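Accompanying notes for the structure given below.
The values are calculated or read from the model by the stated rules, or taken from the named source; none is laboratory data. Fair warning: this is a prediction, and the values are worked out from it, not measured in the lab. Every residue, glycine among them, receives a Cβ derived from its backbone with ideal geometry; neighbour counts consider all protein chains shown. Surface accessibility is based on the protein's heavy atoms, side chains included, excluding ligands, DNA and RNA. Shrake-Rupley method; radii C 1.70, N 1.55, O 1.52, S 1.80 Å.
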Amino acid sequence: MKEERLIFIADKNDFLPRKIANKQCRMNSNLSNSIRQNFKQRFATEPLIARSPGRVNIIGEHTDYNNGFVLPAAVDKSIYVGISKREDDKIILYSGEFNEEHESTVCTVAPTDKHWPNYVLGVVDQLNKRDYAIRGFNLNLDGDVPVGAGLSSSAAVECAVAFALNELYSLNIPKIEIPEIGQKTEHTFAGAMVGIMDPFASVFGKKNHVIKLDCQSLDYEYVPLEIEGYKIVLLNTNVKHSLASSEYNTRRKECEAGVAIIQEAGHDVNSLRDVTMEMLQQFVQPKDALIYKRCKYVVEENERLLSACESLKAGDIEGLGKKMYGSHDGLSKEYEVSCRELDFLVDAVRANTGVLGARMMGGGFGGCTINIVKEEAIDELVEDLGKKYKQAMDKDLTAYIAQTADGTSIVV
Ligand code: GLA
């Protein structure tokens, strides 16, 4: 089991775990080679290639845009970008995933109705706004980050593109600015008011480590992910409910409303990071029960993360797992960003002694649960849960074993 990687592929009508030794969907080197070949065929020139990984988050959900803490890690599934200079101002894009081309120009970039080009064009817009001078380019895009699974494929695209353009045009963008460019791209070209976690994890990821990131100061610490005998298993609900982006933005506003109530009471607070449970009970609870519930979750999630981090450092994986369940309960009942599929998957493993902790991961309303599972319990868990999930939800379950990886890089 040690030397092999597992993927489980859900067949149409039947859940079927398949063990594939030393071979994942497409190995990364295969993917960068195929990007290189396709690029040469399409654009008749040699590309520069950048890769940026997807991410998982151990604990600390919906805390980033509240200036709190998160604990993500980059994973071994990445977006790859092939790129070359053009003499004119044109941007010619090609997506392998959608098998589609899109054309624009550097000085007229604007959001399009097509979804995927926006994550590239938004980056160009950010570079323009920040006075990084670029000319036209050809770009092709591919990767093995599952789209819609909550592994942040869009942040990976943005960071790969920013990194590639930085290299191509020798822009000298400070590394810390790349995640900010990714985040702003989401705000301006995708309408999602996301926090900094996803692009930060993609750029700053480090193999065998999680990143304890303070989203207020952007100070970060690499914490070794020492979970000997256990693996991080992602269980994909294979649903993405349409509520996801509208409710995300609503939650952000609800948190701001909580901060505003405390400010009106005369306290000098800028975000939920500065807010205590006592303040919430005194000022917010009597005024607005819903806002109180949302803010209480965030304040408690920050505390949970700090204590989960201590557990991890002390080698107390059980303690870490318990806090993950606590996080899920808060997300489901107080922050209300879960859904029946996610709740089903978490509830189904609570009594399983092979699973130390589980919770929904990412923005919510679909995507994956993240589970810490004893290695020898993985096969049975996935097989059993796959059947139960199919029976209860009439949907297929997909499982990934997430391995940590280094952040954004140029592929040579
Ligand atoms: C999405 C956003 C992140 C973060 C999470 C929830 O992944 O992109 O910024 O807010 O949701 O923790």
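Would you mind stating whether Ile232 is touching a strand residue (DSSP E or B) at 6+ places or on another chain (Cβ under 7 Å), under 30 Å from Glu247 (Cβ atoms), away from the ligand (no atom under 16 Å from the Cβ) and aliphatic (A, V, I, L, M)?
Judged against the criteria, Ile232 is a match.
Mind listing whichever residues of region 169-201 are more than 11 Å from the ligand (Cβ to nearest atom) and either closer than 27 Å to Ser242 by Cβ or touching a Lys or Arg at 6+ places or on another chain (Cβ under 6 Å) (or both)? Spell out the reasoning first.
Within region 169-201, the first condition is being more than 11 Å from the ligand (Cβ to nearest atom), and the residues that meet it are 169-178, 180-181, 184-185, 188-189, 191.
Residues satisfying the conditions are Lys184, Thr185, Thr188, Phe189, Gly191.
Can you tell me which residue is farthest from the ligand (Cβ to nearest atom) among those in region 36-59 that are open to solvent by less than 10 Å² (accessible area, probe 1.4 Å), closer than 18 Å to Glu167 by Cα and of a type in the set (A, V, I, L, M)?
My answer is Ile49.
Working only within region 169-189, note down all residues that are open to solvent by 30 Å² or more (accessible area, probe 1.4 Å), touching a residue at least 60 places away in the same chain (Cβ under 8 Å) and under 16 Å from the mean Cα position of the chain (by Cα).
If the condition is that a residue be open to solvent by 30 Å² or more (accessible area, probe 1.4 Å), touching a residue at least 60 places away in the same chain (Cβ under 8 Å) and under 16 Å from the mean Cα position of the chain (by Cα), then Lys184 is the only one that fits.
Give the residue that is farthest from the chain's Cα centre (by Cα), with candidates limited to residues of region 65-76 that are within 10 Å of the ligand (Cβ to nearest atom) and within 21 Å of Pro224 (Cα to Cα).
Restricting to residues being within 10 Å of the ligand (Cβ to nearest atom) and within 21 Å of Pro224 (Cα to Cα), the top hit is Gly68.
If you go through region 368-381 one residue at a time, do you hit one that is of a type in the set (D, E, K, R) and closer than 20 Å to Gly54 by Cα?
Scanning region 368-381, I find no residue that is of a type in the set (D, E, K, R) and closer than 20 Å to Gly54 by Cα, so the answer is no.
Would you mention how many residues in region 97-112 are in a strand (DSSP E or B) and under 25 Å from the mean Cα position of the chain (by Cα)? Spell out the reasoning first.
Quick first cut of region 97-112, residues in a strand (DSSP E or B) only: 100-105.
If we keep only those that are under 25 Å from the mean Cα position of the chain (by Cα) too, we end up with 100.
Total satisfying the criteria: 1.
Among (1) in contact with a strand residue (DSSP E or B) (Cβ under 8 Å, 6 or more places away or on another chain); (2) crowded, with 16+ Cβ neighbours inside 10 Å; (3) closer than 30 Å to Asn238 by Cβ, where does Asn118 come up short?
(1)
I'm checking my understanding of the structure. Among residues of region 146-168 that are in contact (Cβ under 8 Å) with a residue 60 or more places away in the chain and among the β-branched types (Val, Ile, Thr), which one is farthest from the ligand (Cβ to nearest atom)?
Val161
If you go through region 124-139 one residue at a time, do you hit one that is part of a loop (DSSP other than H, G, I, E, B) and modelled with pLDDT under 95? Break it down stepwise before answering.
Pass one, region 124-139, residues part of a loop (DSSP other than H, G, I, E, B): 130-136.
Subsequent filtering for residues that are modelled with pLDDT under 95 retains none.
Looking through region 124-139, none of the residues is part of a loop (DSSP other than H, G, I, E, B) and modelled with pLDDT under 95.
Is one or more of the residues making up region 215-226 within 14 Å of the ligand (Cβ to nearest atom), free of Cβ contacts under 8 Å to residues at least 24 places away in the same chain, more than 27 Å from Leu381 (Cβ to Cβ) and out of contact with any helix residue (DSSP H, G or I) (no Cβ under 9 Å at 6 or more places or on another chain)?
no
Every residue in region 386-396 that is under 24 Å from the mean Cα position of the chain (by Cα) and in a helix (DSSP H, G or I), please.
Gly386, Tyr389
Condition first: within 16 Å of the ligand (Cβ to nearest atom) and either hydrophobic (A, V, I, L, M, F, W, C) or touching a Phe, Trp or Tyr at 6+ places or on another chain (Cβ under 7 Å) (or both). Can you find one or more residues in region 77-99 that meet it? Talk me through it step by step, then tell me what you get.
As a first pass, look at region 77-99 and keep what is within 16 Å of the ligand (Cβ to nearest atom): 77, 79.
Still in the list and also either hydrophobic (A, V, I, L, M, F, W, C) or touching a Phe, Trp or Tyr at 6+ places or on another chain (Cβ under 7 Å) (or both): 79.
Looking through region 77-99, at least one residue is within 16 Å of the ligand (Cβ to nearest atom) and either hydrophobic (A, V, I, L, M, F, W, C) or touching a Phe, Trp or Tyr at 6+ places or on another chain (Cβ under 7 Å) (or both).
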